[in-house]
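Report on the structure given below.
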Amino acid sequence: MEIRNIAIIAHVDHGKTTLTDALMKQNGGLQDEEISMDSNALEKERGITIYSKNTSIIYPSASSGRPVTKINIVDTPGHADFGSEVERVLRAVDSVLLLVDAAEGPMPQTRFVLKKSLELGFKPIVVINKIDKPASDPHRVHEEILELFFELGANEEQANFQTVYAIGREGKAFRKLGDKNENLSPLLDVILENVSPASINENGKMSAQVFNLGYDNFLGRLAVARIYSGKMSSGSQVFIKGEKSIRGGKITKLFSFEGINRKEVSEATSGDIVLLAGIPDIYIGETISEDESVEQLPHIAIDEPTLSLNFLVNDSPFAGREGKFVTSRQIKERLEKELEINVGLKVDFSPPARMIETIRSGGDQGEKLGPSFFKIYGRGELHVAILLENMRREGFEIQVSQPEVIIKPARPGDPGHSGEGKDIEMLEPYEELVIDVPMEFSGTVIEKISRRKGVIKHMTQKQNIARIIFDIPTRGLLGYRGEFIIDTKGEGIMSSRVMGFRKYADGIKKREYGSMVSLVSGKAVAFSLANLQERGIMYIEHGTEVYEGMVIGNVLKGDDMSVNPTKGKQLTNMRASGTDEAIHLNPAFVLNIERGLEVMNSDEYLEITPKSVRIRKKYLTELGRVKAQRDKKRN
Ligand SMILES: Nc1nc2c(ncn2[C@@H]2O[C@H](COP(=O)(O)OP(=O)(O)OP(=O)(O)O)[C@@H](O)[C@H]2O)c(=O)[nH]1
Ligand SMILES: [Mg+2]
């Protein structure tokens, strides 16, 4: 059977997974209506794809009388934080479907994934999706895509791309606007016409390349690999060639993708995408081959992290109340497991070995726990937040410091160096930021972003919506999302992605508000919150338990402010009914991990437990904070 290998790529939310699900439903890959490619719990909850995943369909159906083909499809995540996944996936396929929302048009991630595809020499098939949207404008979007192809240096053949129109949610595709059709066959036919069959070099020596990793509790590390030649068989001895080592190994189990499921097979042939177990230290980009003489396939680059933060043992006064896993050793083991599959993540397990004594609730007291924090390097706030969210659901308690962007030196001639002068320059990550806002908000937004060192690259207007494209240091963008939502009354859309490291920008002004810190421990009461909400936005509600040093809200004007949120009204003997109802509390800005990472300050930790997310001062007492300030000034 012939095989075609494609990936579906697009900006976040342009409909990749919905289209993949529909392809599976119509072509026998999915019997159960409820099953989706977004199978992970967090993916379901958030409606975004976090991990790229493989599936396959058979088309046309055996009953059609036409020759059947297996189409391996990789559904990729659209969020920029997971962009490095896409880059790897592209190396294992022969073509891509570039989905573009018929109303939004090309967005930052569209540009990124298209650029990578063109560089690899692919001839993308463009799918203008969601043409059912009232605001859709497929003609305009087609023009914009064509412009983007040219701008990214597409050659003539690439720029002469095939376009298919689709309503992924209804499982319909059309070769031309205005066509009538009830299924996705036109898209599949275009794939068969345009994507060459995966090279069937069955008689050559086996060689395959790993482009994704997985983990199974019984089988250990798994590798997803594309076979380029020969046959791969279960139980066979193989050679592995990587950047650092050449070694032997044995494939203990082999699976091929059948729909969304993996099916154990004894053998797979050139052109197919397989999952294999048995090689515990296998890594992205490594070549698996029959014997040592087979040439190593070109290396696959992995994007560098852009920000870092520390993971610490939770030592807040409420530590150990909710979590099952709280020690440094447990956190370390969990991070080691994460590194098995989370390729964009790096962890430094050996920061200064400050020993701490932690008292575990009910556990052995004062156990030496080793280094008290680990330094985590990630691809963005969401990348880190997803890891933390998974950990808390598994029962971990943890504290983290404020994310900081990675700053690195560059010599003249190094990538990112401005070329001005001969000095070493410090570089920081920059992003391309695309903003769509109603015209009336554009002034405020431009002003705020300029203060954060964003520079306008391009500005257009359609109807009443301005689209503004900026270049901005990641550092300037950190913590801005929440403000943007408020400033645009929830009507703005912002989206960005890291473009690379460039010269460090001086003088970024961001934080204009302070923290409201509790002076006491106890239960917050409405009476006192009603007064405090005059000064800022509260993160807690009536009845929330607080501790000394916990941040319970922000202060819109000025510096930090210490307060007592537990102070009730003077009790009188007489119960004046009705008076309490007069207290009007604004809804609290309840923290979740992403919001917390965004609004926390550098002298604070975010405390994460299975049930709570709190911000706290590193130094819980006011005296401690004053001393720390003084020491800082002295040094
Ligand atoms: N109007 C309309 N909405 C659609 C269509 N296809 C998908 N959607 C909606 O668009 C949203 C995003 O769809 P997904 O399929 O999750 O998008 P995605 O590209 O996989 O998103 P990420 O994986 O997070 O990048 C969902 O709310 C879908 O219901 C369509 O054809 N028309
Ligand atoms: Mg998706």
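Miscellaneous remarks
- Couplings for the range 127-135, taken from phi via the Karplus curve 6.51 cos²θ - 1.76 cosθ + 1.60 with θ = phi - 60°, read 10, 8, 9, 6, 6, 7, 5, x, 8 Hz in order; Gly and Pro are left as x.
- Each of residue 626 and residue 584 was given a label point 7 Å from its Cα along the Cα-to-Cβ line. The distance between the two points is 3.8 nm.
- For the chain, the longest principal axis of the C-alpha atoms and the axis of helix 108-119 are separated by about 30°.
- Stretch gain in nm, segment residue 618-residue 481, where the contour uses 0.36 nm per residue and the Cα spacing is subtracted: 46.9 nm
- Around residue 488: net Lys/Arg minus Asp/Glu count, Cβ-Cβ under 12 Å: -2
- Legend: distances between Cα atoms for 263/337; 337/632; 25/250; 123/337; 375/489; pairs beyond 30 Å are 337/632; 25/250; 123/337; 375/489.
- The lysines within cross-link reach of residue 422, meaning a Cα-to-Cα straight distance under 19 Å and a gap of 8 or more places when in the same chain, are 408, 503.
- With a Förster radius of 22 Å applied to the beta-carbon distance between residue 175 and residue 143, the computed FRET efficiency rounds to 0.75.
- The range 421-432 - phi-based ³J(HN,Hα) in whole Hz, Karplus 6.51/-1.76/1.60, Gly and Pro as x: x, 10, 7, 5, 10, 8, 10, 9, x, 10, 10, 8
- Two-site FRET efficiency, residue 263 against residue 159, from Cβ-Cβ distance with R₀ of 51 Å, rounded to 0.05: 0.80
- Helix 328-341 vs. the chain, principal-axis angle (Cα, 0 to 90°, nearest 10): 30 degrees
- Between residue 151 and residue 509, the simple spin-label model (points 7 angstrom out along Cα→Cβ) gives 3.1 nm.
- Estimated FRET transfer efficiency when R0 is 22 angstrom, pair residue 338-residue 39 (beta carbons, to 0.05): 0.75
- Table column - 3J(HN,Hα) (Hz), the range 470-484, Karplus curve with 6.51, -1.76, 1.60, x for Gly and Pro: 10, 9, 8, x, 3, 4, x, 7, 4, x, 8, 3, x, 4, 4
- Charge tally around residue 333: other residues with Cβ under 15 Å, Lys/Arg +1 each, Asp/Glu -1 each, net 0.
- Using alpha-carbon coordinates, inclination of helix 138-151 to the longest axis of the chain, degrees: 80 degrees
- In nm, spacing of pseudo-spin labels at residue 459 and residue 302 (7 Å Cα→C-beta vector): 4.2 nm
- When DSSP beta bridges are restricted to pairs lying wholly in the chain, around 80% turn out antiparallel.
- Using only the C-alpha atoms, the convex hull of the chain corresponds to 208 Å³ per residue.
Every number here is computed from the coordinates shown, using simple stated rules; none is lab data. On a predicted model such as this, the values are computed, not experimentally measured, just so you know. All Cβ positions, even for glycine, are placed from backbone atoms using ideal geometry, and neighbour counts span all protein chains on display.
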